[in-house]
Amino acid sequence: MIDNFAVYANQFRELTRCEWKLREQSTLLGFLWTLLNPLLMFLVLYMLFTRWMGGFMANYPGYLLIGVVQFNLFTTATTTGMGSLNSRRSIMMNFIMPRELFVLTTVCSVAISHAIELVLMLVFLIALGAVPRLSWLTFPLIDAVLLLFVTGLALGLSVLALRFIDFLRIWSIITTAGFFLTPVFYSAAAIGADRQRFLRFNPMAHIIGLARDCLLEGRFPAWRHMAALTALALLVAGIGYAVFNKQKRRLSDYVLS
Amino acid sequence: MPVAGSAGAVGTARPPSGDDQIAISAVGLGKRFQIGTKTDARFFSQMLAWCSGITNTRPLWAVRGIDLQIRRGECVGVIGRNGSGKTTFLRMLAGVLVPTEGTLCTHGRISTFFSIGSGLFSELRVIDNIRLTAALCGMSRATLRQRFDAIVAFGELEDYLYSRLGELSTGFTSRVPLATALHSDIDILLTDEVFATGDTPFQTKCLAKMNELLRQGTTTVMASHSMALIKNNCSRAICLEHGAVAAQGPVAEVVQYYERQCGAAPAK
């Protein structure tokens, strides 16, 4: 049992290292390429909503940056995580190892890139005038809930992506719609009070909102709000793992048939 | 411990006979696939098919009714024409595929080779791929550190360690997993035509290493179309036809049977 754990831990480490190197091409330039997506998104939205359409809200650059970075983690982790069984089918068909490792290592490699993005984001926020406060210490908790949520989604969706060849496309449409239905670049207040209730059902709206409150307003997350989100993330992770576990014995069959 | 006769039972415990010398025991082993799904593997097509009850798939038994016991330290050859079920059988032994029916017991750590370059990242350096393959073969970091030089020397990879794997020839690419796995602590080695791309000196070196492992008690199951390879290295063989065992026994007799079936000249 302990022997197996050590073997799996080593496999986890090596696969994560390879996944990360593939994503970042092992170089600073490679990492900058990965940063390009959220950076470009930030610049376009910033130009659009502050320079061209007038001042949208106070402290908009920080507000926008947190939204873009957090939503980018959601999109990248779920998309690459759910595609991991497909992209690593050669390993899956030739080596015996826990199948969960493919999804977990991919999400972990995305999380490493995200951690570096967060450091740059905090530096940027400080450069914009934000003052580090005690509430910032709760930010890793909010991020951990987000990671748990996306890991659960990636686990469940990876089975669907292996089973249905067009599921990645479907997910791409869903995440694009999700981007516009989440207050990433706009304020929830801008869509009217009656429509705001729909945002209650969007977990990403809650997570991004908590992150903004914590980093920009210096507010500690309300424990009830945090507990509800943690429960939801645990539920999603539990369902994702249950789906994955139920289909685990058939994953190789899906590759071959 | 699997229950004998249960559908698709797989275990790594001792075989039901209780014989310590049995490394692999298969009883009534079978694997069924649903084929024809590729053309219809889109989400909405599948949903439509599911709702209407119309399906374009049909069941195919790739392997069925295989009974086999392999003793520790034995080298068994698996031969048969294309599509006879060799790879599916080996993948079930490895635990990569779950049997649809029958019982399978294996005892020990298994290393597998089913395709050339399996599990490798052509965009990464050779050294990264050695580390990954070692981890996938169950080798710890400390063990890899001890055996790294031997692996590199065995694969003659000294000049290519920091090259991208994709820059190497197919023959050299296949050396990375082979050299690494042959230096890992394995009890059962499963190979499927993996020596095909290596040059003669490297093949000779691999076979010598395999014989060394055999002497140490490693069980080997080798699928190949090279009758010379099978005859020179295996004591016993099974010949598969349409997923079922058509012949099994001493290697010379089984090879002779297979060559008669294929109408080929006997291998020297």
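Points to keep in mind about this one:
- Rolling a 1.4 Å probe across all protein chains gives residue B:107 an accessible area of roughly 50 Å².
- Of all aspartates and glutamates in the structure, the ones whose alpha carbon falls short of 16 Å from that of residue A:248, not counting any fewer than 8 places away in one chain, are A:100.
- Entry comment: accessible area of the protein assembly as shown is 46 Å² per residue, from protein heavy atoms only and a probe of 1.4 Å.
- DSSP assigns beta bridges within the protein assembly as shown; of those with both partners inside it, close to 50 percent run antiparallel.
- Relative to one another, the C-alpha centroids of segment A:94-136 and segment A:160-176 are positioned 24 Å apart.
- Cα gyration tensor, segment B:130-268 - rounded (a/c under 1.5), prolate or oblate: prolate
- Two-decimal ratio, the protein assembly as shown, of alpha-carbon radius of gyration to 2.2 N^0.38 Å: 1.14
- Chains B and A together, accessible area buried on both sides, 1.4 angstrom probe, square angstrom: 3400
- Out-of-range pairs (alpha-carbon distance over 21 Å; input B:86/B:231; B:31/B:86; B:31/B:209): B:31/B:209
- Separation between Cα centres of segment A:237-254 and segment B:178-245, rounded to whole Å: 33
- Coil-residue trypsin sites (Lys or Arg not before Pro) of segment A:154-205, DSSP, other Cβ within 10 Å capped at 16: A:200
- Positive minus negative residues near residue A:101 (Lys, Arg vs Asp, Glu; Cβ under 11 Å): 0
- Database remark: amide H of residue B:236 closer than 5 angstrom to the amide H of B:75, B:77, B:251 (H placed geometrically; neighbours at sequence offset of 5 or more, or on other chains; Pro and chain starts carry no H).
- When you restrict to C-alpha pairs under 8 Å that are six or more residues apart and normalise by the size of chain A, the relative contact order lands at 26 percent.
- Split the accessible area of the protein assembly as shown by element, probe 1.4 Å, and carbon with sulfur accounts for 61%.
The values are calculated or read from the model by the stated rules, or taken from the named source; none is laboratory data. Only a predicted model underlies this, so the values are computations on that prediction, with no experimental measurement involved. Every residue, glycine among them, receives a Cβ derived from its backbone with ideal geometry; neighbour counts consider all protein chains shown. The protein model used for the area step is the full one, side chains on, heavy atoms only, and it has no ligands, DNA or RNA in it. Shrake-Rupley method; radii C 1.70, N 1.55, O 1.52, S 1.80 Å.
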